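FYI, it's all coordinate maths here, none of it is from the lab. It should be emphasised that the depicted structure is a prediction, and the values quoted were computed from it without experimental measurement. We place every Cβ from the backbone using ideal geometry, glycine too, and count neighbours over all the protein chains shown.
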Amino acid sequence: MNETQLIGRPVIRTDNEKRQVDDPMREKLEFQADRIEAVLELHRVDAQVTGGTVTPRWIRFKVLPAIGAKISKIKGLNEELAAALDVASCRVSRRGAAVDVEVPRDDPKPVRLLPLYRQLTASPGDSIPPLTAILGLSDDGVPLLIRLPSPDVAHVLVAGTTGSGKTVLLQTVILSLAMANSTAALSLVLIDPKRRAFRPFERLPHLARPVIWAVEEMVEAFQSLVRLMERRGRDDRRGARPHVVLVIDELADLLMTSDVLVQQALTRLIQRGREAGIHVVAATQKPTTAVLGPLVKANFPVRLVGRVTSANDARTAAGWSGTGAERLLGRGDFIAVAEGRLTRFQVAHVSSIEIEDVVNMMTSDDPEDEAPDVQGVAFPLWHQLTGVFDQ
């Protein structure tokens, strides 16, 4: 098993497995490192490539500048570096004393949710903590998870333009939560104004109510959640109540088209919901200050940001300047902003057919097709899937 990084708690698992790079890949990496050093030397920048990281979607070279070398000059050479490496784009950023040069792979490999889930729960004693969702693989190749009840998490904003992988990330969060938690521990409320993202979950047994499409249903759902929050606030008993996760596919559209009662209820849920065991995961492809500013700034401790259209949108979505989210590759290339740090990761992909198969198993009457209980026993069909990456 790989090391596991958990947002909401320090790293919880480690071992000594290391991902190996085959000889043809190593030769290519050495060639590209030589090209990077040649460009820097041509522009009189004293620096050396000292290592790197290979991920499913991109390659990061670690460049160590000499003392006194101007970092800004290296950042200004991103187009020259991209041309020298024969790639469409190149992302240059500082990390400590080093500079990272990131380029897309010409043979990208998707990360699959179901094999990743099985990997995390395969060994005796291994389990996914309660109310914890799988996000994907971080930039150093370890699984990235997020624990919703943590005070450092509570609510999550997902942002990304069309093609960023935002909808797949929401589906991965929902399915991984459902696989690792029983219906007694977890209730889901799904709001899908565009009627596309959550259709495969219509028969999911964890739903507190059918998937919500209509505005009228949204108003009633938000008011019901506020009443639940208030009732739980008056009740000191906390042991047996299930956590409720509200997932919204398009937050900006909801705010622009919904009744003011919905906006007020959503604001109350975000401000006070965590103490009542209610968490909000909201996504938007329009992370503009005009729409999200007052609501987002103080109430979403965790931001998961895919490719956006501009640096201004990247700053609004991430809450930080200079994240480079506008230069992400799309198709599941994301950054997580949490606990004062930024982590790049590749979203674990799950198809609509895979979702339907898992939901069918959860609702099946056949004892051989039983769904996993709270700590997630792998389904029989996963036994044939041995790796995290597609072969």
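Report the relative contact order of the chain, percent, no decimals, based on alpha-carbon pairs under 8 angstrom and at least 6 residues apart.
Across the chain, relative contact order equals 20 percent.
Give me Rg/Rg_expected for region 23-104, where Rg uses Cα atoms only and Rg_expected = 2.2 N^0.38 Å with N residues.
0.99
What number, in percent, do you get for the relative contact order of region 148-212 if the mean sequence gap of Cα pairs under 8 Å and at least 6 apart is divided by its residue count?
Across region 148-212, relative contact order equals 26 percent.
Using θ = phi - 60° and the Karplus curve 6.51 cos²θ - 1.76 cosθ + 1.60, what whole-Hz ³J(HN,Hα) does each residue of region 252-269 get, with Gly and Pro shown as x?
Result, ordered by residue: 4, 4, 4, 5, 7, 10, 8, 5, 4, 5, 5, 4, 5, 5, 4, 4, 5, 5 Hz.
How much space per residue, in cubic angstrom, does the convex hull of the C-alpha atoms of the chain take up?
Dividing the Cα hull volume of the chain by its residue count gives 146 Å³.
Decide, for region 196-255, between rounded, prolate and oblate: order the square roots of the alpha carbon gyration tensor eigenvalues as a ≥ b ≥ c, take rounded if a/c falls under 1.5, and otherwise choose prolate if a/b is larger than b/c, else oblate.
Cα axes put region 196-255 in the oblate bin.
Rounded to whole Hz and in sequence order, give me ³J(HN,Hα) for region 28-40 from the Karplus expression 6.51 cos²θ - 1.76 cosθ + 1.60, θ = phi - 60°, writing x for Gly and Pro.
Karplus-based 3J(HN,Hα) across region 28-40 equals 5, 5, 5, 4, 5, 4, 4, 5, 4, 5, 5, 4, 5 Hz.
Tell me, what ³J(HN,Hα) does each residue in region 224-233 have, in order and in whole Hz, if you take phi through Karplus 6.51 cos²θ - 1.76 cosθ + 1.60 with θ = phi - 60° and put x for Gly and Pro?
Using θ = phi - 60°, the values come out as 5, 5, 5, 4, 4, 4, 5, 5, 5, x Hz.
Antiparallel versus total DSSP beta bridges in the chain: what percent is that, nearest 5?
The antiparallel fraction comes to roughly 60 percent.
So how strong a dipole does the chain carry about its Cα centre when Lys and Arg Cβ are +1 and Asp and Glu Cβ are -1, to the nearest 20 debye?
Approximately 1480 debye in magnitude.
Distance cut-off 29 Å, Cα to Cα: go down the list 75/109; 28/73; 70/166; 28/286; 70/286 and report the pairs above it.
Long pairs (Cα-Cα over 29 Å): 70/166; 28/286; 70/286.
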